[in-house]
4 protein chains.
Amino acid sequence: MNKNRLEAFSDGVLAIIITIMILEIKVPEDNSFESLKPLIPVVLSFVLSFVYVGIYWNNHHQMFQVVKKVSGSILWSNLFLLFWLSLIPFATSWIGSQNFAAVPMCVYGYLLLMCAISYTLLQNKIIKLEDKDSTLYKAVENDKKGKISLACYISAIPLAFVSPWISGLLYIAVALIWVIPDSRIEKQINKN
Amino acid sequence: MNKNRLEAFSDGVLAIIITIMILEIKVPEDNSFESLKPLIPVVLSFVLSFVYVGIYWNNHHQMFQVVKKVSGSILWSNLFLLFWLSLIPFATSWIGSQNFAAVPMCVYGYLLLMCAISYTLLQNKIIKLEDKDSTLYKAVENDKKGKISLACYISAIPLAFVSPWISGLLYIAVALIWVIPDSRIEKQINKN
Amino acid sequence: MNKNRLEAFSDGVLAIIITIMILEIKVPEDNSFESLKPLIPVVLSFVLSFVYVGIYWNNHHQMFQVVKKVSGSILWSNLFLLFWLSLIPFATSWIGSQNFAAVPMCVYGYLLLMCAISYTLLQNKIIKLEDKDSTLYKAVENDKKGKISLACYISAIPLAFVSPWISGLLYIAVALIWVIPDSRIEKQINKN
Amino acid sequence: MNKNRLEAFSDGVLAIIITIMILEIKVPEDNSFESLKPLIPVVLSFVLSFVYVGIYWNNHHQMFQVVKKVSGSILWSNLFLLFWLSLIPFATSWIGSQNFAAVPMCVYGYLLLMCAISYTLLQNKIIKLEDKDSTLYKAVENDKKGKISLACYISAIPLAFVSPWISGLLYIAVALIWVIPDSRIEKQINKN
């Protein structure tokens with residue numbers, strides 16, 4: 001089974017997810033600068049989610065570069081990831097329109113957690129199909145970044161009820177450690 | 001005629017169909033967990049349809065792997081399938097917003113039936129163009145899964161008026177037997 | 001300049017145009033069969049436009065198969081075609097929601113006319129770049145289908161004010177003569 | 001790292017941006033020609049933005065033709081460009097619905113400026129990765145068009161408060177000087 005269509009389909013879904021979010025930025029009824037003010041939280045949540053979807057696209061791109069074969073179970077693991085990612089626009093719009101209130105921030109964190117878990121599942125499925133000497137396996141052997149992210153999400157979800165701003169800072173922190181694309185795979189390619 | 005653009009166009013349409021459905025999940029006006037409650041049927045219907053579109057994409061992907069040539073009539077059969085699939089978001093939103101009432105469930109079943117029929121038509125067109133020894137022909141020779149699905153849809157449509165839950169269970173059952181991607185084609189490739 | 005990205009971009013735009021139209025089919029507030037009744041004109045207009053966009057995709061696909069090189073002016077002619085096609089969802093929704101009234105039918109015809117003209121412009125640009133012995137040139141030498149279509153559109157626009165049904169029938173007629181994909185190019189390929 | 005998926009993803013996002021704008025052209029409630037009148041500014045703003053996104057797609061297409069390798073930092077520069085481009089539909093809809101009022105025109109110009117800056121950043125990242133003898137470097141060596149555009153945007157933003165029409169004319173002027181695709185790259189390819 002070849003991986004090209006899986007990549008093309010994922011690119012399509014990710015491109016739509018990243019662009020559909022802007023439909024939630026409602027055009028003001030007025031033509032003053034003040035009318036843009038209520039949009040600030042909406043735009044901020046859009047920026048955060050844009051970066052997250054960008055991170056997933058970058059890492060997905062990098063991971064599939066070393067993939068040689070694709071199985072039925074990889075197709076479904078990929079769809080499982082796309083499912084959770086496709087809920088991001090909903091949560092983004094909710095946190096923005098509710099001014100980063102506790103419950104929406106908690107739900108947003110839950111979605112980010114599910115995205116991270118399903119990404120890890122996909123990664124494991126790929127490693128299982130490739131042999132243990134695979135470039136990918138070596139690259140993600142001790143997945144420090146992944147573990148820190150999971151820890152951040154898991155603490156951010158309940159902390160939203162202490163202060164939603166703590167959760168927000170944790171989401172931003174995770175985004176920042178991932179913006180640098182996963183150079184581990186690149187390094188491992190060069191080593192071989 | 002080469003099959004690449006047919007695949008690319010189908011991937012595009014399927015990616016949009018699967019993602020457009022989330023636009024129907026309206027963001028709550030409130031920021032409590034309770035405000036998510038009325039969304040439960042909408043999200044459940046989204047999950048079911050996401051799985052269905054995923055199944056069609058997976059099988060479409062697998063089927064076109066063994067396709068060597070594409071004719072004008074295959075292009076139109078493919079568009080006929082995409083037409084019925086593109087109505088899925090409408091029916092999904094209807095069953096969700098009407099809490100799985102009888103008429104919407106019946107219409108949803110009718111659409112699934114038309115998708116199944118048009119998929120079979122497309123398959124037959126492809127087999128006709130390839131010769132009888134084709135991998136695809138052997139793989140789908142006695143299409144047990146396909147026949148069970150048709151039987152389920154045809155019974156689910158009137159049964160919605162007995163109880164919409166019976167129809168719902170039948171739709172879930174069909175989804176489950178297809179989630180396992182069509183290993184018949186894979187097997188047939190390995191045999192050759 | 002290679003033609004792959006032009007094809008990929010056009011496929012993307014056409015896939016979105018064909019799928020975005022279903023967003024106009026508003027989900028009924030009720031759960032009866034009667035609530036589907038007011039949707040009938042909307043669905044009919046959707047079917048007609050789906051077929052039209054399908055025709056453009058098919059012919060675009062066939063035309064670019066024989067294209068070897070792409071110039072800056074071809075890129076813009078292609079965008080000019082995509083511009084007019086992208087207005088189809090607007091007109092489709094208008095004729096459907098206004099029950100095929102005269103003015104919307106006339107505007108719909110005008111858009112179809114502009115699509116046809118811009119398609120012909122694109123075709124001519126391609127022929128000019130290829131040499132006169134090109135497969136495409138021979139295939140469309142005496143463009144009978146194209147001329148009949150133009151004649152139909154030009155008569156349908158004013159005839160909408162006599163009766164919108166005449167225009168409707170003319171649009172359906174043109175669609176029917178094009179549903180059969182442009183076998184002229186296929187024939188010409190086989191001749192060479 | 002190969003550039004194919006970066007191109008495919010960018011094509012997807014640009015195709016969605018260019019098509020999503022038409023969703024803002026609200027279908028009239030009436031069926032007269034007069035009901036189209038209030039749509040004129042919306043359609044005009046759509047045409048301008050369609051041309052701008054078309055220009056970015058054309059130049060992006062041309063630039064990546066000479067790109068051989070892609071790095072993580074190019075992926076992010078590309079996403080930064082796509083971010084600003086994805087805000088174009090919002091500003092387009094705002095200037096159209098507010099009849100080209102001063103503040104929206106100023107915001108629109110700001111977005112165009114950010115698009116131009118992020119495009120230049122992307123270009124510089126690519127040149128840095130390629131060596132100094134790269135085709136791209138020579139092609140954009142003294143980026144006259146780019147400098148004129150920046151000057152126009154920077155003057156158009158404050159001038160919107162003198163008269164929004166001056167800004168509008170400046171945006172149209174910049175579009176016109178770019179509609180002709182960047183023949184510098186083509187020329188440079190032929191020279192080598």
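Could you say whether any residue in region A:122-136 is within 18 Å of the chain's Cα centre (by Cα) and open to solvent by 10 Å² or more (accessible area, probe 1.4 Å)? Yes, region A:122-136 has at least one match.
Residue check: is D:Ala8 over 19 Å from D:Ile172 (Cβ atoms), within 14 Å of the chain's Cα centre (by Cα) and assigned to a helix (DSSP H, G or I)? Let's see the steps before the verdict.
Numbers: over 19 Å from D:Ile172 (Cβ atoms): yes; within 14 Å of the chain's Cα centre (by Cα): no; assigned to a helix (DSSP H, G or I): yes.
No; evaluated as a whole, the condition is false for this residue.
Among the candidates A:Val51, A:Val103, A:Val67, the residue that is part of a loop (DSSP other than H, G, I, E, B) and among the aliphatic types (A, V, I, L, M) is uniquely A:Val67.
What do you reckon, is D:Tyr108 aromatic (Phe, Trp, Tyr), buried (at least 20 other Cβ atoms within 10 Å of the Cβ) and more than 14 Å from chain A (Cβ to nearest Cβ)?
Values: aromatic (Phe, Trp, Tyr): yes; buried (at least 20 other Cβ atoms within 10 Å of the Cβ): yes; more than 14 Å from chain A (Cβ to nearest Cβ): no.
Against the criterion (aromatic (Phe, Trp, Tyr), buried (at least 20 other Cβ atoms within 10 Å of the Cβ) and more than 14 Å from chain A (Cβ to nearest Cβ)), D:Tyr108 does not qualify.
Is it true that D:Leu85 is open to solvent by less than 20 Å² (accessible area, probe 1.4 Å), of a type in the set (A, V, I, L, M, F, W, C), under 23 Å from D:Leu176 (Cα atoms) and within 11 Å of chain A (Cβ to nearest Cβ)? Show your work before the answer.
Values: open to solvent by less than 20 Å² (accessible area, probe 1.4 Å): yes; of a type in the set (A, V, I, L, M, F, W, C): yes; under 23 Å from D:Leu176 (Cα atoms): yes; within 11 Å of chain A (Cβ to nearest Cβ): yes.
Against the criterion (open to solvent by less than 20 Å² (accessible area, probe 1.4 Å), of a type in the set (A, V, I, L, M, F, W, C), under 23 Å from D:Leu176 (Cα atoms) and within 11 Å of chain A (Cβ to nearest Cβ)), D:Leu85 qualifies.
Name every residue in region C:11-47 that is open to solvent by 30 Å² or more (accessible area, probe 1.4 Å) and assigned to a helix (DSSP H, G or I), in order of residue number. Within region C:11-47, C:Leu23, C:Glu24, C:Glu34, C:Leu36, C:Lys37, C:Pro38, C:Ile40, C:Val43, C:Leu44, C:Val47 meet the criteria. Per the listing B:Ile25, B:Ile40, B:Ile17, the residue uniquely touching a residue at least 40 places away in the same chain (Cβ under 8 Å) and among the aliphatic types (A, V, I, L, M) is B:Ile17.
For region A:4-52, the tally of residues that are touching a Phe, Trp or Tyr at 6+ places or on another chain (Cβ under 6 Å) and more than 8 Å from every other protein chain (Cβ to nearest Cβ) stands at 1. So, of the residues in region C:70-79 that are in a helix (DSSP H, G or I) and at the interface with chain D (Cβ under 9 Å from one of its Cβ atoms), which turns out to be surrounded by the most Cβ atoms within 10 Å (Cβ to Cβ)? Looking at residues that are in a helix (DSSP H, G or I) and at the interface with chain D (Cβ under 9 Å from one of its Cβ atoms), I get C:Leu79.
When every residue of region C:147-158 is checked against the conditions, none turns out to be within 19 Å of the chain's Cα centre (by Cα), hydrophobic (A, V, I, L, M, F, W, C) and at pLDDT below 85. Being within 21 Å of A:Pro164 (Cβ to Cβ) and more than 18 Å from the chain's Cα centre (by Cα) is a description that does not apply to A:Lys69. The number of residues in region A:33-51 being farther than 13 Å from A:Ile22 by Cα and among the small types (Gly, Ala, Ser) comes to 1.
The values are calculated or read from the model by the stated rules, or taken from the named source; none is laboratory data. As the structure is a prediction and not an experimental result, all values here were calculated from the model. Quick reminder, even Gly has a Cβ in these numbers, built from the backbone with ideal geometry, and neighbours come from all protein chains shown. Please note that ligands, DNA and RNA were not included when accessible areas were found on the heavy atoms of the full protein model with its side chains. Shrake-Rupley method; radii C 1.70, N 1.55, O 1.52, S 1.80 Å.
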